[in-house]
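Right, one structure below, let's go through it.
The values are calculated or read from the model by the stated rules, or taken from the named source; none is laboratory data. Since the structure is predicted, the reported quantities are computational estimates derived from the model, not experimental observations. All Cβ positions, glycine included, derive from the backbone under ideal geometry; neighbour counts span all protein chains shown.
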Ligand SMILES: Cc1ncc(C[n+]2csc(CCOP(=O)(O)OP(=O)(O)O)c2C)c(N)n1
């Protein structure tokens, strides 16, 4: 089994310290987290982690089981890139005078779908939302024109096949959860165990 | 409307009382039927100790001599009683002293709840006196932890703590309570035990189709083999397990943690697995056709080299923790669930069978091990005493009824190899972490966990010196603990490895000891030391029959080795019976 990029989606309670509990599952195994984002989810009071790592599926599956084992984790899923819709947001700060002077820059920015967020006399901040390759490309483009600052957000991802967590949560509220809640425990779904 | 609301308010007011956070802690313990707490006071937990002053009649508190002793004692208590062990410790050094025990309880799935004091909430993060980040230090070694900064949370948080520690796959929980929360007065509306947390599923749902598949595999097997771990004990499923074993007719071997779940003398008992386990169960793991693993986690000390482990076998794995399935060893049939539920379902579906030829293989292996190892160990020809003969004599005196608490090293392996156990919850040892210094405090806890039984702590001369200050606890509170030091004047297990794998380069394993009998005497504990075989039996009798605690030191051979052995990095079938084979 070869390594590839997996996006892990974790539904959790909103609890201080949980970020650490989840992070150490990776660091303990010396696995690098490429990107991590925490946010609210479609369900009030339920938190959502989006974690990107590069690993084999076997390792990812085991990691997800370790994550789900945490008392305050409701559910963990993992998906490959084609199973999700995802975006990252990048911000670029460049000197305004360069953009003003060079027509080429304006065209390049337009080509990359960059949007100006702030325009000041001394600098301008652009944003691009997209995949990693797209946001990366613009760094190289802007470098010759005096890119002052660059930052990229963690990945956010929507699972294509998901019906959301509302229905699932109801199962968790019950004393005896139904099969919905424990689908991960269905090994006979083979390799797809953790996908929705 | 208004009057209704007022009435309602009035009734709630009636049912609450104003108490401090500290008192709420003690009320929670009583509601959870805790009878014994192991602890040590300090600045940040003083309000709880102050409240304890008035609860002394209802709650026994054992003042240990080091917080590590408190948590090991709580572990011993939990392992023997099946209840949750409870610890009090102060902030900073008090809490950090718990870490070894937490790691031990985590890896051996022992239910303990540790309550640590913490500095005032407004001082958190200021490097206040005796402030440490207990939550983050203990996160990797707890099943759950939580910091309380407001007293109103105490009842519900403690209810969660006990529920989480004791349910599903048990484990340690730390509740860190800031001093202001301990002191805070609040309206207490009673204690409600926790029975459900929506994000926590202690037991996976049992799937009948897997039970059926497992039964099919078992019924079609010619050389089936059961290996079991502490899961059987933690699931309180010893009866269900015995019925399964007896109906199936399948030989059953235990991991060190599973020992005692069935009587060690049972006709189908196949002995111990693992690095220093018995010859047959290790060797035949690689000959069986169906391997039924119950409540065990395929630790590397059990499997040896994984790519040479049971490759020929179809594996059925029963476990309550979904993360254990396929973690180390790929299973053919995963039976997820509490074995108290899954075993009866499986027993129902399997055929009553016997496997005379297959059992004969185990007997043949046993005979070979007897001849090459056990005979010399239990009945040595030379003058030098062996640990094995001490165990044989002990067995004859206790008839397998004692609780055996072991430390870590050669004596641990020998004790677990040779001790007889008729009852479950008789074996208390640090299996997963291998914590030297575990035995003495754990034995104190065990003695409180079941005072009706004899507790024997078997300890090496090295390990005893790690926590011997707990003799002070014995002196003061008088639990009945029989302490047996098997003194080989070496850090024996490390010396054995240096002999076998490092060309006898004995690097810092030569350890000198104080006069242990004199030390015990200083703590008011009687004892004696024997170095001659002719005195052994009567010394053991004196120890067992002593009114209270007793320390017996037995001088054993300095350079005896524990065999058989699966050398590290080799497969279970490459188990060796003597140093000539290493
Ligand atoms: C806290 C701790 N430190 C170190 C070790 C490594 N270790 C394992 S066995 C052993 C030797 C134990 O010697 P002793 O207590 O005399 O028992 P023996 O092996 O001689 O029976 C050591 C040092 C350990 N298991 N635990």
(message) Can you confirm whether residue B:472 is over 22 Å from residue B:436 (Cβ atoms) and at pLDDT 95 or above?
(response) no
(message) If the requirement is being outside the structural domain of residue B:98 (by TED's automatic domain parsing) and more than 22 Å from residue B:99 (Cα to Cα), which of these qualifies: B:398, B:473?
(response) B:398
(request) Pull up region B:421-442, narrow it to residues that are touching a strand residue (DSSP E or B) at 6+ places or on another chain (Cβ under 9 Å) and away from the ligand (no atom under 15 Å from the Cβ), then point me to the one that is nearest to residue B:82 (Cα to Cα). (result) B:425
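Rundown of residues vs (1) more than 14 Å from every other protein chain (Cβ to nearest Cβ); (2) in a helix (DSSP H, G or I); (3) more than 13 Å from the ligand (Cβ to nearest atom); (4) under 18 Å from the mean Cα position of the chain (by Cα), yes/no style:
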site	(1), (2), (3), (4)
B:390	yes, yes, no, no
B:404	yes, no, yes, yes
B:412	yes, yes, no, yes
B:444	yes, yes, yes, yes
B:457	yes, no, no, yes
(request) Determine if region B:126-144 includes at least one residue that is touching a residue at least 40 places away in the same chain (Cβ under 8 Å), more than 27 Å from residue B:43 (Cβ to Cβ) and in a loop (DSSP other than H, G, I, E, B). (result) no
(request) For region A:2-22, name all the residues that are at the interface with another protein chain (Cβ under 10 Å from one of its Cβ atoms), over 13 Å from residue A:76 (Cβ atoms), touching a residue at least 24 places away in the same chain (Cβ under 8 Å) and not in a loop (DSSP other than H, G, I, E, B). (result) A:13
(request) Would you mind finding the one in A:89, A:74 that is over 21 Å from residue A:27 (Cβ atoms), part of a strand (DSSP E or B), touching a residue at least 12 places away in the same chain (Cβ under 8 Å) and within 14 Å of chain B (Cβ to nearest Cβ)? (result) A:74
(request) Filter region A:35-68 down to the residues that are in contact (Cβ under 8 Å) with a residue 60 or more places away in the chain and in a loop (DSSP other than H, G, I, E, B), then identify the one that is surrounded by the fewest Cβ atoms within 10 Å (Cβ to Cβ). (result) A:42
(request) Output the residues belonging to region B:544-577 that are free of Cβ contacts under 8 Å to residues at least 60 places away in the same chain and within 24 Å of residue B:514 (Cα to Cα). (result) none
(request) Among the numbered conditions (1) in contact (Cβ under 8 Å) with a residue 12 or more places away in the chain; (2) within 11 Å of chain B (Cβ to nearest Cβ); (3) touching a strand residue (DSSP E or B) at 6+ places or on another chain (Cβ under 7 Å); (4) surrounded by 16 or more Cβ atoms within 10 Å (Cβ to Cβ), tell me where residue A:25 comes up short. (result) (3)
(message) Step by step: first the residues of region B:468-488, then only those that are part of a loop (DSSP other than H, G, I, E, B) and surrounded by 15 or more Cβ atoms within 10 Å (Cβ to Cβ), then the one that is nearest to the ligand (Cβ to nearest atom). Which residue is that?
(response) B:488
(request) Can you give me the number of residues within region B:489-508 that are more than 12 Å from the ligand (Cβ to nearest atom), in contact with a helix residue (DSSP H, G or I) (Cβ under 9 Å, 6 or more places away or on another chain) and either within 14 Å of chain A (Cβ to nearest Cβ) or assigned to a loop (DSSP other than H, G, I, E, B) (or both)? (result) 3
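Let's see how each residue does on (1) over 21 Å from residue B:568 (Cβ atoms); (2) surrounded by fewer than 23 Cβ atoms within 10 Å (Cβ to Cβ); (3) without any contact (Cβ under 8 Å) to a residue 24 or more places away in the chain; (4) in contact with a helix residue (DSSP H, G or I) (Cβ under 6 Å, 6 or more places away or on another chain):
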{"position": "B:217", "(1), (2), (3), (4)": "yes, yes, no, no"}
{"position": "B:223", "(1), (2), (3), (4)": "yes, yes, no, yes"}
{"position": "B:265", "(1), (2), (3), (4)": "yes, yes, no, no"}
{"position": "B:270", "(1), (2), (3), (4)": "yes, no, no, yes"}
{"position": "B:319", "(1), (2), (3), (4)": "yes, no, no, no"}
(request) Answer yes if at least one residue in region A:137-154 is at pLDDT 80 or above, exposed (fewer than 12 other Cβ atoms within 10 Å of the Cβ) and in contact with a helix residue (DSSP H, G or I) (Cβ under 7 Å, 6 or more places away or on another chain), and no otherwise. (result) no
(request) Considering only region B:76-109, state which residues are within 16 Å of the ligand (Cβ to nearest atom), surrounded by fewer than 24 Cβ atoms within 10 Å (Cβ to Cβ) and part of a helix (DSSP H, G or I). (result) B:96, B:99, B:100, B:103, B:106, B:107
(request) For residue B:528, indicate whether it is assigned by TED's automatic domain parsing to the domain that holds residue B:415 and surrounded by fewer than 18 Cβ atoms within 10 Å (Cβ to Cβ). (result) yes
(request) Looking for whichever is within 21 Å of residue B:205 (Cβ to Cβ) and buried (at least 19 other Cβ atoms within 10 Å of the Cβ) here; the options are B:327, B:340. Which one fits? (result) B:340
